[in-house]
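Visitor: To start, I am sharing the structure in question, which I have written as structure tokens.
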Amino acid sequence: MLNNFGNKPLSTSRIDKFIANYLSINRKQVRLLVAQQRVVIDGDIATSVDQLINKFSVIAFDGQIIQNHSAHYLMLHKPVGVVCATKDQQHNTVIDLINEPYKHELHIVGRLDLNTSGLVLLTNDSRWSEALTDPKHKVEKHYRVSLANKLTAEYIDAFNDGMYFGFEDITTQPAKLTILDDYRAHVVLTEGKYHQIKRMFGRFRNPVVALHRQKVGNIVLPESLASGDYRPLSQDEILRAKA
């Protein structure tokens, strides 16, 4: 089965391995169960022990559903002071903001730090999240940045040329900076190094006052989605996520 996004195949395994693990029996015993038509995959009776299944296959044994995972895709407007983590001892997490029975199945697609607000994507579909976060795909992330000091035109070339970070011994990919006014800029990255935007402005000794992610790939955080709120992605957003 292929992913709707990027045509990356789902990770699969054999039905006999799954049933053997679930029932704590050996695979030879599973062969008999399949022959007795006691195993159903996605509504059809299993016909072979080597049939492939994936995370989202619906599997039944003796009429009882034993696997039924639906794919979930959410966008959330992260407030400042909330952690992009599943658990944290000191702060509320983005998972704490979600009121869904499946919320603990979700993982975060591209984290924001504690003091950054804006668009956070969550899913239980690792194929989809990998397609968005894999550096080779160069998916654009758009940020609005407020600075303590005035911006000048020299910032534009410096961001476009990339910057060398000696601690990691890396040079950043070209980033697009557009000056909105004296103290605000729009920045587009195709990667996500540790505190990258703050460190890049730090080269000019210009502290970041506020940082807000507006867009990831083709998915835009709507102005109507209040801070702390979330909603499911539309089918179009899911399919067209990667720019």
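Per-residue answers, yes or no, for (1) in contact with a helix residue (DSSP H, G or I) (Cβ under 6 Å, 6 or more places away or on another chain); (2) in a strand (DSSP E or B):
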position	(1), (2)
Asp50	no, no
Ile53	yes, yes
Phe56	no, no
Ala60	no, yes
His69	no, no
Leu74	no, yes
Lys87	no, no
His91	no, no
Pro101	no, no
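Visitor: Sticking with this one: If Val109 satisfies all but one of (1) in contact with a Ser or Thr (Cβ under 6 Å, 6 or more places away or on another chain); (2) surrounded by fewer than 12 Cβ atoms within 10 Å (Cβ to Cβ); (3) β-branched (Val, Ile, Thr), what's the number of the condition it fails?
Guide: (2)
Visitor: Then there is this: How many residues, within the stretch 155-194, are touching a residue at least 24 places away in the same chain (Cβ under 8 Å), under 18 Å from Arg205 (Cβ atoms) and open to solvent by 40 Å² or more (accessible area, probe 1.4 Å)?
Guide: 4
Visitor: If only one of Gly63, Gly43, Gly118, Gly81 is assigned by the TED database to the domain that holds Arg199, free of Cβ contacts under 8 Å to residues at least 60 places away in the same chain and among the small types (Gly, Ala, Ser), which one is it?
Guide: Gly81
Visitor: What single numbered condition from (1) modelled with pLDDT of 95 or more; (2) closer than 20 Å to Glu237 by Cα fails to hold for Arg127?
Guide: Unmet for Arg127, out of (1) modelled with pLDDT of 95 or more; (2) closer than 20 Å to Glu237 by Cα: (1).
Visitor: Would you be able to tell me the number of residues in the stretch 221-238 that are within 14 Å of the chain's Cα centre (by Cα) and open to solvent by 30 Å² or more (accessible area, probe 1.4 Å)?
Guide: So the answer is 2.
Visitor: Run down Leu122, Leu52, Leu97 and say which single residue is closer than 29 Å to Gln173 by Cα and either more than 15 Å from the chain's Cα centre (by Cα) or open to solvent by less than 30 Å² (accessible area, probe 1.4 Å) (or both).
Guide: Leu122
Visitor: Separate question: Please tell me if His104 is open to solvent by 30 Å² or more (accessible area, probe 1.4 Å), out of contact with any Lys or Arg (no Cβ under 9 Å at 6 or more places or on another chain) and more than 24 Å from Ile238 (Cα to Cα).
Guide: Here the answer is no, as His104 does not meet what is asked.
Visitor: Against the definition (on the phi > 0 side of the Ramachandran plot and surrounded by fewer than 18 Cβ atoms within 10 Å (Cβ to Cβ)), how does Ser24 come out, yes or no?
Guide: For Ser24, the condition - on the phi > 0 side of the Ramachandran plot and surrounded by fewer than 18 Cβ atoms within 10 Å (Cβ to Cβ) - is met.
Visitor: Any residue that is touching a residue at least 12 places away in the same chain (Cβ under 8 Å), open to solvent by less than 40 Å² (accessible area, probe 1.4 Å) and touching a Pro at 6+ places or on another chain (Cβ under 9 Å) - is there at least one of those in the stretch 201-211?
Guide: Yes, the stretch 201-211 contains a residue that is touching a residue at least 12 places away in the same chain (Cβ under 8 Å), open to solvent by less than 40 Å² (accessible area, probe 1.4 Å) and touching a Pro at 6+ places or on another chain (Cβ under 9 Å).
Visitor: On to the next question. Would you point out which residue out of Leu106, Leu23, Leu97, Leu32 is touching a strand residue (DSSP E or B) at 6+ places or on another chain (Cβ under 9 Å), of a type in the set (A, V, I, L, M) and outside the structural domain of Arg231 (by the TED database)?
Guide: None of the other options fit; the residue is Leu23.
The values are calculated or read from the model by the stated rules, or taken from the named source; none is laboratory data. If you're wondering where the values come from, they're calculated on a predicted model, not measured in any experiment. Note: ideal-geometry Cβ built from the backbone for every residue, glycine included; neighbour counts use all protein chains shown. Note: areas computed on protein heavy atoms with side chains; ligands, DNA, RNA excluded. Shrake-Rupley method; radii C 1.70, N 1.55, O 1.52, S 1.80 Å.
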